[in-house]
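Accompanying notes for the structure given below.
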Amino acid sequence: MRSTLRFCLRVARAVAPAVLATFLFAADGVAADDPVVGRWIGTAGSVREKIDVGLEFVRGADGKLALKLTQPVSNYFGAEPGGEVVRDGNRVAHEGLYLSLELDGDTLRGTYPGPNSPAVFKRAAKLPVEAAPPKVPAGPAPRWETRLGGQVYASPVVVDGVAYVGTTGGIVNAVDTRDGKPVWTFTAGRAIFGSVAVAGDAVYVAADNGLLFRLDRATGKERWRYRLGDEEATRILPHPTVYDWDWQGAQPVVADGTVYVGAADGGFHAVDAAKGERRWRFDTRGRIRNAAAAAGDRVYVGSADHFVYALESKTGREAWRADTGAEVDAAPVVHGDRVLVGNRGAGLLSLDAATGETKWRLFFWGSWVESTPVVVDGTIYVGSSDLRRVSAIDPADGRVLWRSDVYGWTWGTPLVTANRIYVGAAGGTPYFVKHRASFTVLDRKTGRIVARHPLADTGGHQWGIAGSPALAGDSVIVATIAGSLLAFALR
């Protein structure tokens, strides 16, 4: 990720802690008794969502005007974005924040990101401060734990009582979900970051050696391998001060006898599921690090080149492409006549499945959306990165129904049941937003935290759960970054 001073419209994690510690402010020529100086509280946003925002304008020792930002939904409390605060008559502005306000007595009125949403602020004696996670039941301990070796960023896939998951150690594991005992393993030869696909008697998995494998589902034996051609690609794993994270992996999707899978060189492949032979290849201009969505006679895929592509499933011919404005690492999801996709900037978008036209986009207040959404009973549920929230959203217009802070990175897809939502969260330090790892249960109707099982810091920059929970009978299966598979009781 590239560092920038566009603090709120930047993609999440765009400003490193080292950058946040150093600020330069331009002289503004306004007197020291400037009535803008002080604390202000207000709201900003659109009909889709309104949020609370706190501003504090202060004078430095050099007399220059500076700004501190409090935005609870983004987990900013007295954050100093840097950049220049401009004063011109009754106007106060900050270009980096897209903030432009007019002073009228005890009111500041104007625009603020959402983007460029109406905003109104009133004077305040104090601003919100960060709250600790609520005290709720931790729930029962895991029923079992199986240590796999290596790290696990992929989501486990559960079919007929067996969980399949790959590790950065290059091993595909099949584990019995009743007791956590291994069923079989397969050595792929290089790290695996993406989830497997299970179809019929086969398991399909892509590894960082540029190979797509078909394995026998019962035994794990290799049936064929297909060369994706991206074996020279490199990765940047999560790091405290290097931010162009590339921790996900392409996940195969099987439909109508064809395996669709992307690659790090931007290639998107259609492969005969039985024979392992290429049917067609389409080239994008950026890495593909998640699954595609096959629906009807089309397949939809997102790329780091910012585009979502709609391709004819039989031929690979492009039907349309849509520029989302930022890297796409989340998998597209087809819901009715829409394609839902998150990215590393604009948030969550709803595209017309026939044309690619943007129907709505929901701003996530600076956070990346690498979580692949799921639609259940007419509601979108999706996680986020630095926002830390799981969100419930109306698919018709992008209106936020609720957001629930789970206090950690929620990169996976929430597991939605009749009354509950199960969420895995990752923690990390050092980092400019505090993230805590957990396995958390939410009330589906309100987003209220019902139970929260904290996951201990295992060392390194990150720990906890990177992928999605999977349902296995009366258990929920999760994989930890540290390399363990856990089974929690379904509440």
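In the chain, helical runs assigned H by DSSP with n ≥ 4 each contribute -39500 (n - 2.57); averaged across all residues and rounded to the nearest 500, the mean residue ellipticity at 222 nm is 0 deg cm²/dmol. Here the range 150-249 is treated as a Stokes sphere of Kirkwood radius computed over C-alpha pairs; at 10 °C and 1.306 mPa s its diffusion coefficient rounds to 114 µm²/s.
Using a simple spin-label model with pseudo-atoms 7 Å out from Cα toward Cβ, R190 and D337 lie 4.3 nm apart.
With the highest mean first, a sort of the peptides 88-96, 334-342 on other beta-carbon atoms found within 10 angstrom per residue produces 334-342, 88-96.
Full extension of the chain segment joining D443 with D377 gains 22.2 nm, where the gain is 0.36 nm per residue of separation less the Cα-Cα distance. Principal axis extents of the C-alpha atoms in the range 32-91 (largest first, rounded to whole Å): 39, 24, 18.
Across all Cα atoms of the range 79-123, the radius of gyration (one decimal) and Dmax (whole number) stand at 10.3, 26 Å. Once the convex hull of all Cα atoms in the range 215-357 is built, its volume per residue stands at 125 Å³.
Share of Cα-Cα pairs in the range 75-194 beyond 22 Å, in percent? Don't skip to the answer; put the middle values down first.
Details: 4412 of 7140 pairs.
Here the tail beyond 22 Å accounts for 62 percent of pairs.
If you model the range 355-396 as an ellipsoid using its alpha carbon gyration tensor, with each semi-axis the square root of five times an eigenvalue, the axes come out at 18, 14, 9 Å, biggest first. Of the Cα atoms belonging to the chain, the radius of gyration and Dmax stand at 23.4, 77 Å. Legend: distances between Cα atoms for K50/K359; K122/K359; K50/K434; K122/K445; pairs beyond 29 Å are K122/K359; K122/K445. Kirkwood radius and radius of gyration were both taken over the C-alpha atoms of the range 303-452, and their ratio Rg/Rh is 0.99.
Values quoted throughout were computed directly from the atomic coordinates according to the rules given, and no laboratory measurement underlies them. Computed from a predicted model, the values in this text were never measured in an experiment. Neighbour counts are summed over all protein chains in view; Cβ atoms, including those assigned to glycine, are modelled from backbone coordinates with ideal geometry.
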